[in-house]
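Written below as structure tokens is the structure these notes are about.
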């Protein structure tokens, strides 16, 4: 009985706290269930809900076991077909009879856009509920551009696939304000989803995945953001809204006032954080990939982004498929990205490293790293000056015309760093990013100014945690 009471009490506290929000003391990060939060994951390819063959409970258990706390999923307004992007075991490409969408399917691949599929909403709500029980936040991606004709030809919003004759247009016109009756269908879907998920605290909405492809207009994105806000206007608390800005990095001009999370894909190096830090919003690295399958590539990119001041790191892990929801799928060498149980464990180490520090009091301070870091290396500092410092050093870089494009030098080396510290007593810990073990621990007394710190031998990357004693 005491266990049941604790569960109920915990649920009541979570409900009272409201959904995940920007941290009131530092809006570059989150507050979730009363605690400062960053979001780190290695998740499946966004088909957990729309693919009936995918056992999402098993998948969510794997995320929880590695200490990860985010998953990204699509709604079913978009789907893929086998061989899209050359992805083996693509969860976004279910068998035709195993695809589920918000609209009732009246015959094989023929949908009625005026009638809801109640089974879909039960599955969606159960997915978010199951994630919430495991402390996993859901980024629900409402729409996605139709990159190729094959994707538009598979969508319920294409007139060829619905009994309503709605969506007689080019794929590049579907996510614009000039799409005829389709806009009303899209807004109705958003309102229904928002109504169904109003009571979940482990949720935020992304307007559209990669809207810089496929003809998606900014005006349409703002319309969807406004639709979410209007649908939640009477709620006791509202969910955060995310907008996907660019592949790589770009400065954001005239941001929509309702958007709290700005997402970037393939942001390596993580210049997107510094470019937009002045906005005082959360910046996310929302998708990785197309850099080969080496674990080191995505571990380095994750650490680099988070120590740069990012709030979200969402690795696209291709080892999750239907039938391999534990992340054990052995994908072929031609897969566009990577993922493994070992890598997910390393992401858990990154998350715990950040949580070992009072990160909401910290900010990027690369200027505190004095002198030159080793040749072809990158060093970053996140700090609360005088109290705590996270230093990250790695040897990964984009190789022009290289295959893969991003490569990490695995040479063994030692490094001497000079870190500016106010006078005082400190403890320095060099952390192995693959095991989480402290490879070297030392106490130092800083006189004020540059403090010399010698690393243990390492390869690929190393982290340094310095705290005032």
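Residue 382: outside the structural domain of residue 345 (by TED's automatic domain parsing), touching a residue at least 60 places away in the same chain (Cβ under 8 Å) and in a strand (DSSP E or B), yes or no?
yes
Of everything in region 320-329, what is in a loop (DSSP other than H, G, I, E, B) and in contact (Cβ under 8 Å) with a residue 40 or more places away in the chain? Give them in sequence order.
Once the filter is applied, which keeps residues that are in a loop (DSSP other than H, G, I, E, B) and in contact (Cβ under 8 Å) with a residue 40 or more places away in the chain, region 320-329 yields 320, 322, 323, 325, 326, 327, 329.
Could you look through region 167-186, keep only residues that are part of a loop (DSSP other than H, G, I, E, B) and out of contact with any helix residue (DSSP H, G or I) (no Cβ under 6 Å at 6 or more places or on another chain), and pick out the one that is nearest to residue 208 (Cα to Cα)?
174
Looking at (1) farther than 17 Å from residue 87 by Cβ; (2) touching a helix residue (DSSP H, G or I) at 6+ places or on another chain (Cβ under 6 Å); (3) surrounded by 21 or more Cβ atoms within 10 Å (Cβ to Cβ), can you tell me which one residue 351 breaks?
(2) is the only condition that residue 351 fails.
Could you tell me how many of the residues in region 433-454 are surrounded by 11 or more Cβ atoms within 10 Å (Cβ to Cβ), on the phi > 0 side of the Ramachandran plot and either assigned by TED's automatic domain parsing to the domain that holds residue 306 or over 37 Å from the mean Cα position of the chain (by Cα) (or both)?
Residues meeting the conditions: 1.
I'd like the full set of residues that are in contact with a helix residue (DSSP H, G or I) (Cβ under 9 Å, 6 or more places away or on another chain) and either farther than 30 Å from residue 337 by Cβ or free of Cβ contacts under 8 Å to residues at least 12 places away in the same chain (or both), limited to region 420-452.
Those that are in contact with a helix residue (DSSP H, G or I) (Cβ under 9 Å, 6 or more places away or on another chain) and either farther than 30 Å from residue 337 by Cβ or free of Cβ contacts under 8 Å to residues at least 12 places away in the same chain (or both): 420, 421.
Checking residue 413 against (1) at pLDDT 95 or above; (2) closer than 22 Å to residue 298 by Cβ, only one condition comes out false. Which one?
(1)
For region 398-419, does any single residue satisfy the condition of being in contact with a strand residue (DSSP E or B) (Cβ under 7 Å, 6 or more places away or on another chain), within 16 Å of residue 468 (Cα to Cα), in contact (Cβ under 8 Å) with a residue 24 or more places away in the chain and surrounded by fewer than 19 Cβ atoms within 10 Å (Cβ to Cβ)?
The answer is no; no qualifying residue exists.
Each row is one residue, and each column tells you yes or no for (1) part of a loop (DSSP other than H, G, I, E, B); (2) more than 10 Å from residue 42 (Cα to Cα); (3) assigned by TED's automatic domain parsing to the domain that holds residue 276.
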residue: 293; (1), (2), (3): yes, yes, yes
residue: 296; (1), (2), (3): no, yes, yes
residue: 303; (1), (2), (3): no, yes, yes
residue: 314; (1), (2), (3): no, no, yes
residue: 318; (1), (2), (3): yes, no, yes
residue: 331; (1), (2), (3): yes, yes, yes
residue: 353; (1), (2), (3): no, yes, yes
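Please work out if residue 79 is over 24 Å from the mean Cα position of the chain (by Cα) and outside any strand (DSSP E or B).
no
Which of the residues spanning region 106-149 are out of contact with any helix residue (DSSP H, G or I) (no Cβ under 8 Å at 6 or more places or on another chain) and free of Cβ contacts under 8 Å to residues at least 40 places away in the same chain?
107, 115, 117, 118, 119, 122, 126, 133
Quick check: anything in region 357-375 closer than 17 Å to residue 297 by Cα, touching a strand residue (DSSP E or B) at 6+ places or on another chain (Cβ under 9 Å) and in a loop (DSSP other than H, G, I, E, B)?
Looking through region 357-375, none of the residues is closer than 17 Å to residue 297 by Cα, touching a strand residue (DSSP E or B) at 6+ places or on another chain (Cβ under 9 Å) and in a loop (DSSP other than H, G, I, E, B).
Return the residues of region 209-236 that are in a loop (DSSP other than H, G, I, E, B), without any contact (Cβ under 8 Å) to a residue 60 or more places away in the chain and touching a helix residue (DSSP H, G or I) at 6+ places or on another chain (Cβ under 7 Å); say none if nothing qualifies.
232
Is region 241-249 home to any residue that is free of Cβ contacts under 8 Å to residues at least 60 places away in the same chain, in a loop (DSSP other than H, G, I, E, B) and crowded, with 22+ Cβ neighbours inside 10 Å?
no
The values are calculated or read from the model by the stated rules, or taken from the named source; none is laboratory data. None of these values were measured; they are calculated from a predicted model. Cβ atoms come from the backbone with ideal geometry, glycine included; neighbour counts cover every protein chain shown.
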